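Comments concern the structure below.
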Amino acid sequence: MRAGFGDAAAHGIPTHVTLLPPTEIGDTGLPAVESHLGEVAAAARPFPMRLSGTGTFRPLTPVVFVQVVEGGAACTWLQKRIRHASGPVARELQFPYHPHVTVAHGIEEAAMDRAFEELAGYEAAWPCTGFALYEQGADGVWRKLREFPFGSLVVPPQSGSVDRGSVSAH
């Protein structure tokens, strides 16, 4: 869908919910990061993830996204532990954390409006059972380096409630 709205970066960015913004890590630091991510994943449990409808960070940032309406609190918990001050990727965020799936970024306003309108009724749900580490190549393409499964493989039942606890304004 992202490519269909004219976002040139779409083919180099797998669909995702960010837990840690792009962060430079030297080759020698990668083992410590992988160990840290493994510890975070081992302490986590599977959770239901549900997307519904669209949102935007405009006018502050030229982004249209699909909203995370269930699973946002779990994503917030994960990202806090990944960025923990004693960990190898400790860092402050430029904006408050807001789990979402970007569908348009930095494209013409008319295309951003179209993405916002066309995906307003979008719905998807699945059990989230882990996360992955990606590396951006010199060609700008993000490639998966490793997956980190959560410590328990029991997925809680899907609920009908909407999780809005981690939504923050931009």
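A short reminder: the numbers here are calculations on the coordinates, not readings from a lab. Model, not experiment: these values are computed from the prediction. Note: ideal-geometry Cβ built from the backbone for every residue, glycine included; neighbour counts use all protein chains shown.
I'd like to know which of GLY38, GLY71, GLY6 lies farthest towards the positive end of the charge dipole of the range 3-149, counting +1 on Cβ of Lys and Arg and -1 on Cβ of Asp and Glu.
GLY38
Under a plain spin-label model, where a point goes 7 Å from the Cα along Cα-to-Cβ, how far apart in nm are LEU93 and ALA110?
3.4 nm
Based only on other Cβ atoms within 10 Å, what is the fewest-to-most ordering of SER35, SER86, SER52?
Values: SER35 12, SER86 6, SER52 17.
Sorted ascending by nearby Cβ count, the order is SER86, SER35, SER52.
Please compute the modelled spin-label separation between THR18 and ALA85, points set 7 Å along Cα→Cβ, answer in nm with one decimal.
2.4 nm
Determine the calculated [θ] at 222 nm for the chain from helices alone, applying -39500 (n - 2.57) to every DSSP H run no shorter than 4 residues and normalising by the residue count; nearest 500 deg cm²/dmol.
Numbers: 3 runs with 35 residues, N = 170.
The per-residue figure over the chain is -6500 deg cm²/dmol.
Given C-alpha coordinates of the range 3-149, what is the ratio Rg to Rh with the Kirkwood estimate of Rh? Please list the in-between numbers first.
Details: Rg = 15.9 Å, Rh = 16.4 Å.
Rg/Rh for the range 3-149 comes to 0.97.
Multiply the residue gap between THR61 and ARG45 by 0.36 nm, knock off their C-alpha separation, and tell me the result in nm, one decimal place.
On the way: separation 16, 0.36 × 16 = 5.76 nm, distance 3.23 nm.
Fully extending the segment from THR61 to ARG45 adds 2.5 nm.
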